[in-house]
1. Apply the Karplus curve 6.51 cos²θ - 1.76 cosθ + 1.60, θ = phi - 60°, to the phi angles in the stretch A:232-249 and return the couplings in whole Hz, x for Gly and Pro.
2. For the stretch A:57-134, report the translational diffusion coefficient in µm²/s to the nearest whole number, using Stokes-Einstein at 37 °C, 0.692 mPa s, and a Kirkwood Rh over Cα pairs.
3. Work out, in µm²/s and without decimals, the Stokes-Einstein translational diffusion coefficient of chain B at 10 °C, 1.306 mPa s, Rh from Kirkwood over C-alpha pairs.
4. Going by amide H atoms built from the backbone, whose H comes under 5 Å of the H on A:Leu468, apart from near neighbours?
5. At R0 = 60 Å, how high is the FRET efficiency between B:Lys21 and A:Arg90 if r is their beta carbon distance? Nearest 0.05 is fine.
6. Give the calculated FRET efficiency between C:Glu120 and C:Ala146 to the nearest 0.05, with a Förster radius of 22 Å applied to their Cβ-Cβ distance.
7. P(r) of the protein assembly as shown in 10 Å steps, Cα pairs, percent per bin?
8. Could you give P(r) for the stretch B:24-87, binned at 10 Å from zero, as whole percent values over all Cα-Cα pairs?
Amino acid sequence: MEEHKDRASSSISIALIGSGGAGVMTAGSMLLEAAGRAGLFGIMTRSAGPQIRGGEAAAMLRLATFPVESHDNEFDILLAIDWLNADRFRAEIPLGTQSLIIGETDAEPPQAFTDSGARTLELPLKQIARETDGGRENMVVLGVVCSLIGLPLEPLHQVLESLLKRKGQAAIDSSVACVDSGAAHTGKHQGSYQLSLSSEKQCDLWNISGNEAAGLGAIRGGVRFVAAYPITPATELLEWMAPALEQVGGILVQAEDELASVNQLIGASFGGTPSLTATSGPGLALMTESIGLAVASETPIVVVDVMRGGPSTGIPTKSEQSDLNIAIYGLHGDAPHLVLAPMSVADCLFTTQWAIHLAEKLQTAAIVLSDQNLGQTRAIIERPADVAFVSGRSIQETPMEGYQRYAVGGNGVSPMALPGTAGCQYTADGLEHAPSGIPSSRAEDHRQQLDKRRDKLVNHDYGDHWALIEGEGEFAVITWGSSLAPVREARAMLLSDGIDIRIIAPRLLLPVQPERMQQALAGVTGALVVEQSHGAQFFHYLQAFYPQKFEFMSMAQPGPLPIRPEQVVADIKTRGKY
Amino acid sequence: MDQTSTSTAALKPKDYKSDTKPVWCPGCGDFSVLSAFTKAMAAMQLDPERVVVISGIGCSSRIPAYLNVYGFHAVHGRALPVGIGLKITRPDLTVMVAGGDGDGFSIGGNHFMQACRRNVDMTYVVMDNQVYGMTKGQASPTTEPDWERGKLTPHGTRINPFYPLVIALASGANFIARASSNDPNGAARVITEAVQHPGFSFVQILSPCITFRPEQRDWKKIVHPAPVVATADPAVAARRLMTDDNFFIGTLFKGERVPFTPEFEPRAESAHELETAFRMSA
Amino acid sequence: MKTINTCAEFLAYALAIEEEATERYTVFAEQMETTNNPEVAALFREMARLESEHAHRLEVAAEGESLPAIDPWELDFGDEDPPEAVDYSATHYLMTPYQALTLVLKAEQRAVDFFQRVAEGNGNDDMKQLAAEYAAEEREHVEKVAKWRNRYPPPDDNWDDDPDPPNELE
Ligand SMILES: Cc1ncc(C[n+]2csc(CCOP(=O)(O)OP(=O)(O)O)c2C)c(N)n1
Ligand code: SF4
């Protein structure tokens, strides 16, 4: 109990459930925003039934006094406006004996939840809402939660005011009234999940999703052209970029399909404009032929794959790290390219911006593997630092006698002439070519150009950004992307038991960095590979590219369930023999 | 005939040719189309460095490297999106896309329709030989259903041919014409008109594959000029197409459909302004 | 066919004809070089050389004259192909010198006919005089090519037999 209280004072997890029309998503977003205004960090993820409208939905939040990137092992508060089909969320909302289930008076919570041994509380949500003219239960719920966690109502009032402005003062007033009376109905439970709020002004905080962060990273990196075809869960990235690009003098084109979008990028980039698209697994599959064209013709492009459950249409709304193989191996021929993976919401910004910088600088294609979890998580984070990465493509700006677009030598990057530059006309080609660009099937030319395209990537110094490395121990956990967050949390839990582990999470997946990995693994005697894929794709990748004297152990779990820190802890304890 | 004297500085058709020699079969209609391209460019006195010719894959799609302009030899069927991406971001360039009937109407068929719809200011030239030359003579979308010499369709395709002009008109192309490689000068004229007309211009050039369809050498005798002037009325054009025998040569349609020209006016001072939306006001 | 009236007009036409002929013979020579038919390639090269000499002489003759700029499609030859230009579809990678020269002969003959028609047409006298000179010169070409052709046997029936299939490239 004491322990619970301690944890609770720094981090609280809340799930709001309700079926269509209940407005739990709106309530969740408002709560997150209010918490941010109160100086808290937090994340919010969402889950929903398959119905387009009217389906059951869950907003899952974690609010904390420190930056958080993933959900906790358990939820502290589960609050349902109704329980219709709510048991579908059982696996996503784990509860414990210290959890509190709150529901409408006389509406029995599903056994799936009560089996956890959690306490229950009934509140007349409907009736409280009805007492206010135009009152809504989701606003009552907000008041209830604020009271339980001790969040002052003032920031929430502000949020209501700014978000409901266009609905008029009456709407604001009734929402405020509902919030206040909800807060007044918690009785002895008031403050029972009190978060310790610091009175100091927090650093510069942002409320942003991973998809938005990737979009902002793209624009900061110099992207001014996007062509794309909508696909869940990448659509929001595109929706954010369309107006944002216009503001900076760029444009987003909705293309007829992914074949068109990737090829439009190639055209725009050939003309000198840094270009990017966002898609998900099915779209990436369609694009692969032309990503190879970008590689062969040395035309920089960036493809952000916001991964979802696969194969085929799979589970579009849920996360999985199962496009690693197609990103690494999916191009036909020997096609060296860049594969990068952000590992937090904030890192979506950095990694996307870095990917653009690298693609432009190295004149190749970059695939950025984000996922639904990162992309659609909305988080309160510290403002990401500015980084100096901008496009920086090597351009042949002046006429040049005997210009060769694919000249070999040096670091492998050959200056690119843009249309409009007199005297440098050439034809970019996906056919193997001589240095001039003229098609050639000669062995020497093929060899030379293959070497060129490989060497320019391999010889580049990617610096410390290639991976995140944390901790000391002789036991390592190697992970990537959104799986890093639960692994870090697991490390924190182990540290309190006096166990340290070493975390290695490569941000740069291709080209591989054997020397750097060797350095990172110095002194390590065993390693667990944690990933969200059924086929243990990352594990096999590590075995293939980073073979070690010790055996890698695999903890591979398919989506849609997120990996929980305590799972990682348990696995480390058995496999690491602690 | 205009009476200005030819300036010595004027570019001649051969100035638009590169030093790369075509791999085509002697006798292929594409040689004539290449000549028509150079003549059209010379007639317009285009700066070679401000022209980009983009193609897909096929015999005909080899054309960019034979020209002394910027070129992009992309993958099979995807030349149009490459051209669209380029033209949207570089409206200062003259963008032309070229390729074959397989490239444009089969694997790239959807892009063809969508490019007509989008109506970006560029010119698309299809060298139609009613066959896949590059892969040794299979039937293409424009092949007659009873042509039995395609090895993958020994009994003929037995499916309806694709009518590119009809599709172009229905999909929104703003300029539609047919030319013949038998008359490179006439083809040059049509290409010139196509480039000069705003929006998406589509030119089908009947260009025989003498290797896999030697009978197409007879096209010379079959083609005939259309005895009409181009119309701006899609309904009139549609009616004319109903009696088209696929061998009328000439410009069918010069529309007034508004080209897609997005604006590029930066409105925010810098990318940093975009951050304000995310900032929490405590 | 539209009438040609002045010397300047005539020179513009003649220049266009010779340039076109040069261009096509050059393309054909390159075709034959690419497809490993050196004998015919050399023959087309020679024709291209002759025609370009012609074109050059015309340029010299026209120096100082203000020639009208005529877009290629404005040139009116009455029949479709420019005289002296062999049809693009007429070549074949296995063609024999005899066949090549037959094509050349026909083209040269068309040039003779064209210049002759102009010389007998309605233009001014200076121009007609010039056209007649060109017709005479082309006639010499025809005779020369005819003799040249006599050195080669006509092709046998199997001239285009190729036991191997065409290549596929992409
Ligand atoms: C994705 C893909 N599929 C198939 C091919 C093989 N291929 C190359 S060219 C071609 C057809 C070319 O026909 P067409 O476009 O009519 O051009 P032509 O050669 O007749 O000029 C095909 C099927 C390819 N290059 N790429
Ligand atoms: S195969 Fe046909 S289309 Fe290809 S180059 Fe030869 S003649 Fe032309």
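1. With coefficients 6.51, -1.76 and 1.60, one gets 6, x, 9, 3, 5, 4, 5, 4, 6, 6, 3, x, 5, 4, 4, 5, 9, x Hz.
2. On the way: Rh = 13.6 Å.
In µm²/s, the coefficient is 241.
3. On the way: Rh = 19.7 Å.
Answer, rounded: 81 µm²/s.
4. Those lying under 5 Å, H to H, from A:Leu468 are A:Ala505, A:Arg507.
5. On the way: r = 70 Å, r/R0 = 1.17.
Plugging the Cβ-Cβ distance into 1/(1 + (r/R0)^6) gives 0.30.
6. Details: r = 23 Å, r/R0 = 1.06.
FRET efficiency, C:Glu120 to C:Ala146: 0.40.
7. 2, 10, 17, 18, 16, 12, 10, 7, 4, 3, 1, 0
8. The percentages, shortest bin first, are 21, 50, 27, 1.
Computed from the coordinates by the stated procedures, all read-outs in this text should not be read as laboratory data. The model shown is predicted, which means the values in this text are computed figures rather than measured ones. Backbone-built Cβ (ideal geometry, glycine too); neighbour counts: all protein chains shown.
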